[in-house]
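The values are calculated or read from the model by the stated rules, or taken from the named source; none is laboratory data. Note that the coordinates shown come from a computational prediction; the quantities given were computed from them, not determined experimentally. Virtual Cβ from ideal backbone geometry, glycine too; neighbours counted across all protein chains shown. What goes into the accessible areas is simple: the full protein's heavy atoms, side chains included, and nothing from ligands, DNA or RNA. Shrake-Rupley method; radii C 1.70, N 1.55, O 1.52, S 1.80 Å.
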Amino acid sequence: MNTDVCAASHFNAPLTQLIMRPILIGIILLSVAAAYYIYLPLPSTISEPWKLMISDAMIRGMMKLGFLAHDLGLTSPFGLVKYFSAWTDAKIDESSPSVRVTEASFGGVKALVFESTAAGQEQSFKRGVVYFHGGGWTLYSTKMEPFFRLCMTTAEELNAVVISVEYRLAPDARFPDQYDDVLQASKHILTAEVLGRYSIDPRRVAVSGDSAGGNLAAAVAQQIALDSSIPIKFKVQALVYPVLQALDFNTPSYQQSANMPILDRSTMARYWLEYLNGEQKLVPALLANNHTALDQGQEIATAKAKTNWTKLLPVAFQKSYKPVFPLHGDPKLLEKLPGLLDVRASPLLAETEVLKAVPPAYIMTCEHDVLRDDGLMYATRLEEAGVHVTVDHVEDGFHGCLSFAFGPFAFSVGKRSLGNYIHWLKENL
């Protein structure tokens, strides 16, 4: 009996080794492949690089699957990402003890209202913040966890009422639909009736947004400032790494951070095409600046002067980068994408007389962000127009870092940038 057991054991040992060897080799190969996919050569100055690599790998993986699904004709370019991101939505009843969250509609546009209910403060007038979330005019919602937490924190820290606007998204809505939504909501909010309903001080209302939401906030700030039919104006505007132009995809920051998390250069071009109802096959043309080639005519030349980073950027940010404008471009690009020259889509193209009317601005920029120079150029143009501007440049920051201020996976730069944003609003609103 013992002899049979030993024989069986002796027989099974090499069989087990034969089975385990390919499994181990497979695990090693998968680990190497995962490490290769996750690893990115990041600058030493960027915040928590390994944590950022892991976060970016997950986002990048979803993006690539989404683009593949689009190429196969299964969904829109960002449809898959939109589907998965909906899983991160917060629940309305997750209000904190000091902030009440309710759903509302302003001018037919849905929104979430975050009302501070701090003890003893119910009867006093509060600050108001009208907020537009980021996501390339295509993704996310007011209920997505980072935006939900940001608005709740802002309301709590400022003893304020924060109204986060649920504007429509591409591909169901295209420019100027998103702009029209936030403008319509803002006009409705900036009335004595609505402000009174929420006990908001009409002299202390801000407009704010991040990324594409920063684009919408800047555009709305310009329009509200010019509209004489709106007696109540925004006191300040707070723009967080805003996207402000689509004429030059080769500014120094676009060149320096072309493949940087969380937003790379080609993805930003894809977002613009979704917003402006362009075909995704035009990405290479935009990245080559074919739409602003030297033979594209006087209209383009006039617009390019307002995005001329060789004059608008501090020398320290220009480094050794050179402007990229081909001699010959595609004259049909502007016919296909007329929104490229529309100031409602590209607030950086506004005339100086318009900029003179807008409220004081806070502009957060991040060193490792393709959109860094959009914010810096806008700051220069506003200052030249006589507008007071606070530039909060985050040296170790990356695009979207403010959204990484919450949860167990929070970044130190996210918490710090959130603190800076809240502090400026406390001091200026």
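State the number of residues belonging to region 265-288 that are small (G, A, S), touching a helix residue (DSSP H, G or I) at 6+ places or on another chain (Cβ under 9 Å) and over 17 Å from R372 (Cα atoms).
Residues meeting the conditions: 2.
Those residues that are surrounded by 24 or more Cβ atoms within 10 Å (Cβ to Cβ) and not in a strand (DSSP E or B), I need them from region 234-243; list them, please.
F234, Y241, P242, V243
Looking at this structure, is D330 modelled with pLDDT of 95 or more, closer than 25 Å to K281 by Cα, of a type outside the set (G, A, S) and surrounded by 12 or more Cβ atoms within 10 Å (Cβ to Cβ)?
Taking the combined requirement at face value, the residue does not satisfy it.
Please work out if L169 is open to solvent by 10 Å² or more (accessible area, probe 1.4 Å) and either among the acidic types (D, E) or within 15 Å of the chain's Cα centre (by Cα) (or both).
yes
Among the residues of region 352-367, write down those that are over 14 Å from the mean Cα position of the chain (by Cα) and either outside any strand (DSSP E or B) or under 15 Å from G134 (Cα atoms) (or both).
T352, E353, V354, L355, K356, A357, V358, P359, P360
Just wondering, is there one or more residues in region 218-233 that are in a loop (DSSP other than H, G, I, E, B) and buried (at least 20 other Cβ atoms within 10 Å of the Cβ)?
no
Which residues, counting only those in region 404-429, are modelled with pLDDT of 95 or more and not hydrophobic (A, V, I, L, M, F, W, C)?
Within region 404-429, S412, G414, K415, R416, S417, G419, N420, Y421, H423, K426, E427, N428 meet the criteria.
Taking K415 and the conditions (1) surrounded by fewer than 23 Cβ atoms within 10 Å (Cβ to Cβ); (2) out of contact with any Ser or Thr (no Cβ under 6 Å at 6 or more places or on another chain); (3) more than 26 Å from R127 (Cβ to Cβ), which numbered condition does it fall short on, given that it satisfies the others?
Among (1) surrounded by fewer than 23 Cβ atoms within 10 Å (Cβ to Cβ); (2) out of contact with any Ser or Thr (no Cβ under 6 Å at 6 or more places or on another chain); (3) more than 26 Å from R127 (Cβ to Cβ), K415 violates only (3).
What pairs come out if I take residues in region 54-69 that are under 19 Å from A258 (Cβ atoms) and at pLDDT below 90 and pair them with residues that are part of a helix (DSSP H, G or I) and open to solvent by 60 Å² or more (accessible area, probe 1.4 Å) whose C-beta lies under 7 Å away, six or more apart or interchain?
A57/Y37
Just checking, which of A345, A316, A385, A357 is free of Cβ contacts under 8 Å to residues at least 12 places away in the same chain and of a type outside the set (D, E, K, R)?
Just one listed residue meets the conditions, A316.
Among the residues of region 89-103 satisfying the criterion of being open to solvent by 50 Å² or more (accessible area, probe 1.4 Å) and more than 18 Å from E157 (Cα to Cα), which is modelled with the lowest pLDDT?
D93
Identify, by number, the condition in (1) over 20 Å from I224 (Cα atoms); (2) open to solvent by less than 30 Å² (accessible area, probe 1.4 Å); (3) not in a loop (DSSP other than H, G, I, E, B) that V370 doesn't meet.
(3)
So is L340 touching a His at 6+ places or on another chain (Cβ under 8 Å), of a type outside the set (D, E) and in a loop (DSSP other than H, G, I, E, B) or not?
Here the answer is no, as L340 does not meet what is asked.
How many residues are at pLDDT below 95 and either open to solvent by less than 40 Å² (accessible area, probe 1.4 Å) or among the hydroxyl-bearing types (S, T, Y) (or both) if we restrict to region 105-139?
Selection size over region 105-139: 4.
In region 35-53, which residue that is aliphatic (A, V, I, L, M), at pLDDT 85 or above and not in a helix (DSSP H, G or I) is surrounded by the fewest Cβ atoms within 10 Å (Cβ to Cβ)?
Ranking the candidates gives L42 first.
With respect to R168, determine if the residue is modelled with pLDDT of 95 or more and closer than 30 Å to L276 by Cβ.
yes
Name, by its number, the condition in (1) open to solvent by 30 Å² or more (accessible area, probe 1.4 Å); (2) on the phi < 0 side of the Ramachandran plot that does not hold for N159.
Status for N159: all satisfied but (2).
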